[in-house]
Amino acid sequence: MAKDKGPVLPDIARLIKMGINPKTGLPLKMGNPRCKTKEGFKKAIRIIDEQDAVNRYRWYNLPMNLTSQEVERMLYYRGQLAFFYFKDLDEFYFMPYALEGGKGGGLDFYGRYRQIHPIPWNSGGSEGKQSKQQEALLSTYKLNVKYGIILPEELEEKDLYESAVLLKDYTRQLGEEILPRVNINEEIIDLEAECMPYMRTALLMGTGVRGVRVNDTDQEESVYEGSRNMAQSALEGNPYIPITGTIEFQEMTNGSPNKSEDYLIAMQAIDNLRLSTYGIDNGGLFEKKAHMLESEAEMNGGPVGLVLQDGLSIRQEFCNIVNSIWGLGIWCEPSENISQVDINGDGTLYDRDDTSSGVGMDESEVEENE
């Protein structure tokens, strides 16, 4: 007689590879992939949100092997970074950081960090031994934070190796730490992604699919067997889906569904709100269905330029401080697609050249940025 091994956790990954739905125990092909409409749209909108964020600004003459998009991506997921020169590796770095609370550390009179130490990008992640070794090394690397431009006559040699300049995505609030954009816009993205499933449901309600009241779970499974896929049932003319309980059909369908365009208008308004958090021009939270005059459109869009200017001012002030210490000549400008100004004079309104490392710019452009 076989020995009872007790409860066993199923191998979810193996079940999925075998084509079995771990929740229902049925083949995946019998499920309804369209039921994941919200999650699918949420992934797509989140990628668009990241692309909008990382392409707002263009960095020039960065001294490390990072593109302009990589720097903005790190800000998107972390919110703030520290720039410093690592003497042992002879390399400049952008890295997350933590407050150094020892001697010479703590906060100044304005609540700002006096000293910080870098932390690995994957700190707290699943990188294992390598990440822990990096964290142990960087925890001993104390850096003095510089908040203003250092004049040449005041610059000391130790400033080159013991200084850090902090870069934040936007103006901080009361605390020193700020929330990353990926967290701030999460609720907006989630709400926007709900509009498409709602619209799809409204459209499905007009196809003639109806609910059937059943008395027990056996009858419920029987009805499910006949109409496993609601969307497919609508396409094939299957009019029944199971409903357990005593609620009459007439009570559940009281009222008529909204028009599909109402959901698209709501989605457009939410997306405009998302764009406004980056200072990108948009149509505002409410757009008239009829034709709008140019003056009406401008008024409806709102003063989003101040939001873009906030991030730009912080980045350019960061560049000025860095250049006063290390003389790198780094700089940041709004993307040509955002500003609608041909900054490099190439006759186009998009960033065609790899200007993040100075490639594609002539000497006059490099000198102008410096």
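The values are calculated or read from the model by the stated rules, or taken from the named source; none is laboratory data. All values derive from a computational prediction rather than experimental measurement. Glycine gets a Cβ as well: all are built from the backbone with ideal geometry, and neighbour counts include every protein chain shown. Ligands, DNA and RNA are excluded from the accessible area calculation, which covers all protein heavy atoms including side chains. Shrake-Rupley method; radii C 1.70, N 1.55, O 1.52, S 1.80 Å.
Here are the numbers for this structure:
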{"quantity": "Residue in the stretch 276-295 that is closer than 24 Å to Lys146 by Cβ and either open to solvent by less than 40 Å² (accessible area, probe 1.4 Å) or modelled with pLDDT of 75 or more (or both) present", "calculated": "no"}
{"quantity": "Residue satisfying all of: in the stretch 174-203; among the polar types (S, T, N, Q) and modelled with pLDDT of 90 or more; nearest to Tyr278 (Cα to Cα) among these", "calculated": "Asn185"}
{"quantity": "Among the candidates Gln51, Gln80, residue that is open to solvent by less than 70 Å² (accessible area, probe 1.4 Å), modelled with pLDDT of 90 or more and not hydroxyl-bearing (Ser, Thr, Tyr)", "calculated": "Gln80"}
{"quantity": "Residues of the stretch 176-192 that turn out to be in contact (Cβ under 8 Å) with a residue 40 or more places away in the chain and either of a type in the set (Val, Ile, Thr) or open to solvent by less than 60 Å² (accessible area, probe 1.4 Å) (or both), as a count", "calculated": "11"}
{"quantity": "Residue list for the stretch 134-160, restricted to those being in contact (Cβ under 8 Å) with a residue 24 or more places away in the chain, hydroxyl-bearing (Ser, Thr, Tyr) and open to solvent by 70 Å² or more (accessible area, probe 1.4 Å)", "calculated": "Tyr147"}
